[in-house]
């Protein structure tokens, strides 16, 4: 992103040169009441176009940057999310509308389903950020995450420059936020569920309520872990704070681990003492370059799925395209699999490539991985000297909804999986189905399809012959009787009033 100066001593100019391409007509707009915006109609404002696709972890990572810029520059800045989809499911306006609510976006979003805006601005990868000056000219563009300081400098410089010329328009853009239409619900976009047969409890990551809900196996609430305010605070159940928790794993009857995803930490819940503590991570996103370190001082990058096995906590580190291990005895974090490069590549554990891994399961010999962005299922040897192999999946842009065997199988952004009777039950998230995949034969078939009316199921857990499903976009948990093939919604009951307010809290 270049700025110009007439001489080395002169102040840089933040005026663009070429006119920014106008938005095509006929696209669906979100957070505007359906009304389209235009470059011409936003004259007098610096415009930041965020080209994103909602399954992309890098796109998720820059949302806090966008919010900081919006808060700092107010109505002199207009942020527009140009949703240019990768996956077929992401082309649906209904899906983009729900994700706008889930991600708590407070700016206009346009569904660029056919990539027309993307092509007109020459975008090459997600996220791609383009800045337009108050006279509708393109200042420049940058791709990837981690550009807050650059964007802040250029946006601030452009506003100051055009303010002096009397060309800044601070009239607010008329928005109708989709999140204001959310109905009250006991759960809000639950990401994961964990069933425990020993204590006969369910643990539900009530993700957008920023808490963990505990129920009995019939859905009666017995405890709530976290106060429901987004933040990072240890303490008792009523004082503790989480920020968009996802993965759950039990180490014992009284020890629960939580992937506190947007805090980039791992939390430990003492269920007997009713206390929450932070055991790994530093509370902010860090792209880690060392292979191991003390858990309390080693940064993490969007931990998502968790699996506890043989005294170790395995972590699907979605933001770094790796699997990590947290060793509670040594209080240490270390890399387990993945080269840090986003690619579908088999081989030695730390040389192989992963693609936003999100869910983990085991049969005692392998760690199975829902490798989301490659729409793949992988198998990693538990032996640290072993290999990582692909069961199904052909690459970052090979996706679909095809049952069959081997290389013909297509999934679409699977997020979780569980081991059952020699097979994996996979939350095929963007197909809104549950698939059964045999690792030995590489055969996939649909176990739960449209009859259950799932909508982006994000998590699965097994207890006996009952599969528990976090039906994320429907704000519920669904149970599926495997022998009978019957699905039903689990009724969450709260006779003690432990959930307190059921009003969605989307504050960040």
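Is at least one residue of the range 127-134 in contact with a strand residue (DSSP E or B) (Cβ under 6 Å, 6 or more places away or on another chain) and over 23 Å from residue 12 (Cβ atoms)?
Looking for residues that are in contact with a strand residue (DSSP E or B) (Cβ under 6 Å, 6 or more places away or on another chain) and over 23 Å from residue 12 (Cβ atoms), one finds at least one in the range 127-134, hence yes.
Looking only at the range 300-332, filter to residues that are over 18 Å from the mean Cα position of the chain (by Cα) and farther than 17 Å from residue 383 by Cα; which one of those is surrounded by the most Cβ atoms within 10 Å (Cβ to Cβ)?
The extreme case among them is 328.
Across the range 372-384, what is the number of residues that are buried (at least 24 other Cβ atoms within 10 Å of the Cβ) and either more than 25 Å from the chain's Cα centre (by Cα) or closer than 14 Å to residue 425 by Cα (or both)?
3
Scan the range 29-44 and tell me whether some residue there is part of a loop (DSSP other than H, G, I, E, B), touching a helix residue (DSSP H, G or I) at 6+ places or on another chain (Cβ under 7 Å) and more than 18 Å from residue 133 (Cβ to Cβ). First the steps, then the outcome.
Quick first cut of the range 29-44, residues part of a loop (DSSP other than H, G, I, E, B) only: 31, 33-39, 43-44.
Narrowing the set further to residues that are touching a helix residue (DSSP H, G or I) at 6+ places or on another chain (Cβ under 7 Å) leaves 31.
Those still in the list that are more than 18 Å from residue 133 (Cβ to Cβ) too: 31.
Within the range 29-44, one or more residues are part of a loop (DSSP other than H, G, I, E, B), touching a helix residue (DSSP H, G or I) at 6+ places or on another chain (Cβ under 7 Å) and more than 18 Å from residue 133 (Cβ to Cβ).
Checking the structure you have, find out if any residue of the range 89-104 is closer than 25 Å to residue 150 by Cβ and outside the structural domain of residue 401 (by TED's automatic domain parsing).
yes
I'd like to verify a number: residues in the range 261-291 that are over 17 Å from the mean Cα position of the chain (by Cα) and at negative phi, how many?
18
Return the pairs, sorted by first residue and then second, in which the second residue is buried (at least 21 other Cβ atoms within 10 Å of the Cβ) and outside any loop (DSSP other than H, G, I, E, B), the first residue lies in the range 128-155 and is free of Cβ contacts under 8 Å to residues at least 60 places away in the same chain, the beta carbons are less than 7 Å apart, and the residues are 6+ apart or on different chains.
Matching pairs, first to second residue: 143/128.
Filter the range 11-28 for residues that are outside any loop (DSSP other than H, G, I, E, B) and under 20 Å from residue 43 (Cα atoms) and give the result. Please lay out each step first, then the result.
Within the range 11-28, the subset outside any loop (DSSP other than H, G, I, E, B) is 13, 19, 28.
Selection gives 13, 19.
Can you find, within the range 272-283, the residue that is surrounded by the most Cβ atoms within 10 Å (Cβ to Cβ) among those that are part of a loop (DSSP other than H, G, I, E, B) and in contact with a helix residue (DSSP H, G or I) (Cβ under 9 Å, 6 or more places away or on another chain)? Outline the logic, then answer.
Pass one, the range 272-283, residues part of a loop (DSSP other than H, G, I, E, B): 272-274, 281-283.
Among the residues that remain, those that are also in contact with a helix residue (DSSP H, G or I) (Cβ under 9 Å, 6 or more places away or on another chain) are: 281, 283.
Numbers: 281: 27, 283: 14.
So, considering only residues that are part of a loop (DSSP other than H, G, I, E, B) and in contact with a helix residue (DSSP H, G or I) (Cβ under 9 Å, 6 or more places away or on another chain), the one surrounded by the most Cβ atoms within 10 Å (Cβ to Cβ) is 281.
Pick out, from the range 355-409, the strands (runs of 3 or more DSSP E) lying fully within it that include 1 or more residues that are touching a residue at least 60 places away in the same chain (Cβ under 8 Å). Working first, answer last.
Values: elements: 357-362, 366-371, 376-381, 387-392.
Of the strands (runs of 3 or more DSSP E) lying wholly inside the range 355-409, those with at least 1 residues that are touching a residue at least 60 places away in the same chain (Cβ under 8 Å) span 357-362, 366-371, 376-381.
Somewhere in the range 62-77, is a residue within 28 Å of residue 432 (Cα to Cα) and either surrounded by 20 or more Cβ atoms within 10 Å (Cβ to Cβ) or without any contact (Cβ under 8 Å) to a residue 24 or more places away in the chain (or both)?
Checked against the condition, which is being within 28 Å of residue 432 (Cα to Cα) and either surrounded by 20 or more Cβ atoms within 10 Å (Cβ to Cβ) or without any contact (Cβ under 8 Å) to a residue 24 or more places away in the chain (or both), the range 62-77 yields at least one hit.
Any idea which residue in the range 450-464 is farthest from residue 258 (Cα to Cα), counting only those that are at pLDDT 95 or above and touching a strand residue (DSSP E or B) at 6+ places or on another chain (Cβ under 6 Å)? Even if it seems obvious, please write down each step before you answer.
If we filter the range 450-464 for residues that are at pLDDT 95 or above, which is where we start, we get 454-464.
Now drop any that are not touching a strand residue (DSSP E or B) at 6+ places or on another chain (Cβ under 6 Å), which leaves 454, 457-463.
Working: 454: 24, 457: 19, 458: 15, 459: 14, 460: 15, 461: 15, 462: 18, 463: 19 Å.
Only one residue fits best here, namely 454.
Mind checking which residues of the range 415-449 are under 24 Å from the mean Cα position of the chain (by Cα) and outside any strand (DSSP E or B)?
If the condition is that a residue be under 24 Å from the mean Cα position of the chain (by Cα) and outside any strand (DSSP E or B), then 415, 429, 430, 431, 432, 449 are the ones that fit.
Filter the range 457-486 down to residues that are in a strand (DSSP E or B) and either crowded, with 19+ Cβ neighbours inside 10 Å or in contact (Cβ under 8 Å) with a residue 60 or more places away in the chain (or both), then give me how many there are.
Summing the residues that are in a strand (DSSP E or B) and either crowded, with 19+ Cβ neighbours inside 10 Å or in contact (Cβ under 8 Å) with a residue 60 or more places away in the chain (or both) in the range 457-486 gives 18.
Give the number of residues within the range 236-260 that are more than 19 Å from the chain's Cα centre (by Cα) and buried (at least 24 other Cβ atoms within 10 Å of the Cβ).
Qualifying residue count, the range 236-260: 2.
Run down 166, 228, 191 and say which single residue is on the phi > 0 side of the Ramachandran plot and either surrounded by fewer than 18 Cβ atoms within 10 Å (Cβ to Cβ) or within 16 Å of the chain's Cα centre (by Cα) (or both). Steps first, please.
Working: 228 fails: either surrounded by fewer than 18 Cβ atoms within 10 Å (Cβ to Cβ) or within 16 Å of the chain's Cα centre (by Cα) (or both); 191 fails: on the phi > 0 side of the Ramachandran plot.
Result of the check over 166, 228, 191: 166.
Of the residues that sit in the range 207-221 and are within 22 Å of residue 361 (Cβ to Cβ) and buried (at least 24 other Cβ atoms within 10 Å of the Cβ), which one is nearest to the chain's Cα centre (by Cα)?
Residue satisfying both the conditions and the ranking: 207.
The values are calculated or read from the model by the stated rules, or taken from the named source; none is laboratory data. Predicted, not measured: the structure shown is a model, and the values here were computed from it. Ideal geometry is used to build each Cβ from the backbone, glycine not excepted, and the neighbour counts take in all protein chains shown.
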